[in-house]
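Note sheet for the following structure.
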Amino acid sequence: MKAATLTLFLGWICVAVGAETNSTAPANIAGRRVVQNLTKWDANQNGRLDREEMEAFRKDRIREYREQQKARTQAAIEARKLEETARRTRMVPPALLKQYDANTNGLIDPDEWTAYRKEVDRLTAEKRAARLAALPAATNGVASASAVSTNAP
């Protein structure tokens with residue numbers, strides 16, 4: 001009984017291994033993807049990658065992977081810069097947007113933002129100085145002791 005079961009099992013495996021598939025997906029051997037076109041790395045044209053050829057293949061794959069990672073990183077950096085620029089643009093009143101948008105791209109870039117902030121800081125300092133100058137000279141900006149609170153019950 002055991003011999004018959006073993007024979008049937010081995011026969012089934014042979015049929016399964018010998019069966020051809022019509023799929024166009026890359027072949028998988030033991031969980032590894034098989035590269036169909038190895039001619040770029042197969043220096044001696046024997047259809048297989050020897051140790052030196054495999055090392056060149058591996059280095060090329062690592063280089064390609066690093067280039068892809070670098071491109072993804074650069075794209076993420078650019079996306080963050082664009083988001084920051086859009087956020088800054090929303091903070092500038094629309095009436096002033098054309099005044100500070102030097103390159104007329106519709107966004108406030110970092111250098112344009114710096115110019116805008118310098119102008120806002122200058123105007124704020126002028127308004128503060130004007131308010132302090134408008135206060136009575138005797139108080140020097142401090143409320144007098146005889147002020148009456150209107151919040152009493």
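The values are calculated or read from the model by the stated rules, or taken from the named source; none is laboratory data. Since the structure is predicted, the reported quantities are computational estimates derived from the model, not experimental observations. Please note: Cβ atoms are built from the backbone with ideal geometry, for glycine as well, and neighbour counts cover all protein chains shown.
Within the range 133-143, can one find any residue that is on the phi < 0 side of the Ramachandran plot, at pLDDT 85 or above and surrounded by 10 or more Cβ atoms within 10 Å (Cβ to Cβ)?
Scanning the range 133-143 turns up no residue that is on the phi < 0 side of the Ramachandran plot, at pLDDT 85 or above and surrounded by 10 or more Cβ atoms within 10 Å (Cβ to Cβ).
Of these, ARG117, ARG128, ARG122, which one is surrounded by fewer than 11 Cβ atoms within 10 Å (Cβ to Cβ), modelled with pLDDT of 85 or more, among the basic types (Lys, Arg) and under 30 Å from LEU82 (Cα atoms)?
Numbers: ARG117 fails: surrounded by fewer than 11 Cβ atoms within 10 Å (Cβ to Cβ); ARG128 fails: under 30 Å from LEU82 (Cα atoms).
Going through ARG117, ARG128, ARG122 in turn, the sole match is ARG122.
Being assigned to a helix (DSSP H, G or I), of a type in the set (A, V, I, L, M), under 11 Å from the mean Cα position of the chain (by Cα) and outside the structural domain of PRO110 (by TED's automatic domain parsing), is that true of even one residue in the range 36-59? Steps first, answer last, please.
Quick first cut of the range 36-59, residues assigned to a helix (DSSP H, G or I) only: 51-59.
Adding the requirement that they be of a type in the set (A, V, I, L, M) leaves 54, 56.
Add one more test, that the residue is under 11 Å from the mean Cα position of the chain (by Cα), and what stays is none.
So far as the range 36-59 goes, no, none of its residues is assigned to a helix (DSSP H, G or I), of a type in the set (A, V, I, L, M), under 11 Å from the mean Cα position of the chain (by Cα) and outside the structural domain of PRO110 (by TED's automatic domain parsing).
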